[in-house]
Each structure stands twice: as structure tokens, then as C-alpha cells.
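Written out below as C-alpha cells is the structure these notes cover.
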Amino acid sequence: MQNKFKGILIYTKIYKENDLLIKFLSDSDEIISGIVYGGLSRKKRSILQVGFYLNFEVTSKNNRPLSISAELSQPLISSIINDRYKLNCILCITSLINLSIIEGQKVRDIYKISNNFMLTMYKNRNWIKDFFIFLFKLLKIIGYEIDFSNDKKSKYFDLENLEFKEKSSTKTVEFPYDILSKNTKNIQFSSINLVFKIFELVFTKYHLSNFNLRLPNQYHLFKKLIIERIR
């Protein structure tokens, strides 16, 4: 049985001497994994890069692992190949996606928000705000919504109860509305730190802890790049 998908490659690992285990986020909002036989050949390996958009053909047979073949699809990553910030951002978000849903699970709109952000990042020079908004959208679709759009009258955010508050306490931080607003031109270093802090707390405490997982190294590396650039 064969099925065709468009998707984003989010993970690769050597499976056997010349084969590659891959995972991709499909346009049907699933993570699908399987084996690309001969995936380590020069021709196939050149397109089997994390973050690439690919057209996948998935073949299932008896109880064997899924067999996957792939070919390049638009948009091509060549347009950002010399931009280390965008390249590291791709590694960051693909690693987060890989930890956000498990294989066989469907999470509505996860492909849509990932694709929309990546297209924005590819085309625009100023995209870091879109990255932070993507982080909150990711939390929302996996069940941990922080509805900052409806709570602008509440200045503080409770890190323990994940609620907006009108008064500060030892559990609250001042929510960084400015960095999530398209009208704000200047990004404050303190706001960037707060966005990362809130995302990490929610994603780690309420999601990753359920699977005994940690934030991926690719996330930490990209965070370090951004903080060093803004500081």
C-alpha cells in the first residue's frame, strides 16, 4: 500500500550501513517515520536534510518498517543557505516539533503553523517576532494555550498557574506583550528573556515531563544565538 504526502523533514538517523531512518511532519498533521533504503548514498543524502520540504511516497508491507522515498519540493532552502540565524532556527523548530507530538497522533494545524512560519522566515528580513509567536501557537495546539491577545489589561502572568493577573506576586512576571505586537519596532532584551522563560517553563513542565524528555540542544543553541545578537 502506498500513500503520498508533502512534508518537512524533522529528523534523520543512520539505520544500517547504507540506510536512513527519517521522520517528517506531513501536511496531514502527523509525524511519520520510516526507512529510506540507500538513504546514505550521495544522491539521496543531499536532499535528506532536516528542514527540507519534500514530497514523500510511503509504502507499507506486512509487518516491516515503512519504506519511504522522497524528492525535493518547494520552497527550497538554498535561498537561506548563508544565513546562520535562519538555518539554526530551522533546526530549532524541527527539533521542537519532533518532541511536540508522537507518531500516530494527529495534532490539528501543526503543519499549518509550522509551514506559515517557515515561509515567513524564508521571505522576510525581520522575522524574529514571528518566531516567538510561533512558540505560543505551538503551545496552544498541543493543549497549553496562553491567550495573550485577550488579556492585555492584565499586566502580569502567573508562572505557576499559567494565568494572567492584575497584581504582581512572587509567582508572576510582567508579560512581554511588546515583543508579540506587530506594532512594536524595538525589541527589548528583557522581553526576549521572558518569552523564552515562559515557553520553556510551560513546554518542559507540562509537556516534556510527561515523556521524561528535555529541551533539545538545537533549541538552546538558537536561543544563545538570538540573545547574543540582541544583547
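Some observations on this one:
- Condition met for Lys171 (touching a strand residue (DSSP E or B) at 6+ places or on another chain (Cβ under 6 Å), over 30 Å from Val50 (Cα atoms) and of a type in the set (D, E, K, R)): yes
- From Arg125, Arg108, residue being part of a loop (DSSP other than H, G, I, E, B) and more than 16 Å from Ile32 (Cα to Cα): Arg125
- Pairing residues of region 134-149 that are at pLDDT 90 or above and buried (at least 19 other Cβ atoms within 10 Å of the Cβ) with residues that are among the aromatic types (Phe, Trp, Tyr) and in a helix (DSSP H, G or I), at Cβ distances under 6 Å and at least 6 apart in sequence or on separate chains, gives Phe134/Phe117; Leu135/Phe199.
- Filter pass, Leu215 being in contact (Cβ under 8 Å) with a residue 12 or more places away in the chain and assigned to a helix (DSSP H, G or I): no
- Cβ separations smaller than 9 Å between residues 6+ apart or across chains give the following pairs from region 155-167 residues that are more than 17 Å from Phe199 (Cα to Cα) to residues that are among the acidic types (Asp, Glu): Lys155/Glu166; Lys155/Glu174; Lys165/Asp158.
- Of residues in region 171-193 being touching a Pro at 6+ places or on another chain (Cβ under 9 Å) and buried (at least 18 other Cβ atoms within 10 Å of the Cβ), the one farthest from Ile226 (Cα to Cα): Ser191
- Residue match in region 94-107 (condition: assigned by TED's automatic domain parsing to the domain that holds Ser181, modelled with pLDDT of 90 or more, touching a helix residue (DSSP H, G or I) at 6+ places or on another chain (Cβ under 9 Å) and of a type in the set (D, E, K, R)): no
- Single match in Ile31, Ile35, Ile81 (criterion: in contact with a Lys or Arg (Cβ under 8 Å, 6 or more places away or on another chain) and either at pLDDT below 95 or of a type in the set (A, V, I, L, M) (or both)): Ile31
- Of residues in region 48-70 being under 22 Å from the mean Cα position of the chain (by Cα) and surrounded by fewer than 17 Cβ atoms within 10 Å (Cβ to Cβ), the one modelled with the lowest pLDDT: Gln49
- For the criterion of being under 19 Å from the mean Cα position of the chain (by Cα), crowded, with 17+ Cβ neighbours inside 10 Å and not assigned by TED's automatic domain parsing to the domain that holds Leu9, Phe203 passes.
- Pairing each residue of region 172-183 that is in the same structural domain as Phe199 (by TED's automatic domain parsing) with any residue that is of a type in the set (Asp, Glu), provided the two are 6+ apart or on different chains, yields C-beta distances under 6 Å for Thr172/Asp158.
- Taking the conditions (1) under 21 Å from Asn124 (Cβ atoms); (2) out of contact with any helix residue (DSSP H, G or I) (no Cβ under 6 Å at 6 or more places or on another chain) in turn, Gly51 satisfies each one other than (2).
- Test: residue in region 83-90 that is under 21 Å from Lys197 (Cα atoms) and aliphatic (A, V, I, L, M): yes
- Checking each residue in region 20-43 for being of a type outside the set (Ser, Thr, Tyr) and under 14 Å from Ser67 (Cα atoms) picks out Leu20, Leu21, Ile22, Lys23, Phe24, Ile32, Gly34, Ile35, Val36, Gly38, Gly39.
The values are calculated or read from the model by the stated rules, or taken from the named source; none is laboratory data. No experiment lies behind these values; they were computed from the predicted model shown. Positions of Cβ are generated from backbone atoms using ideal geometry, with glycine treated the same way; all protein chains shown enter the neighbour counts.
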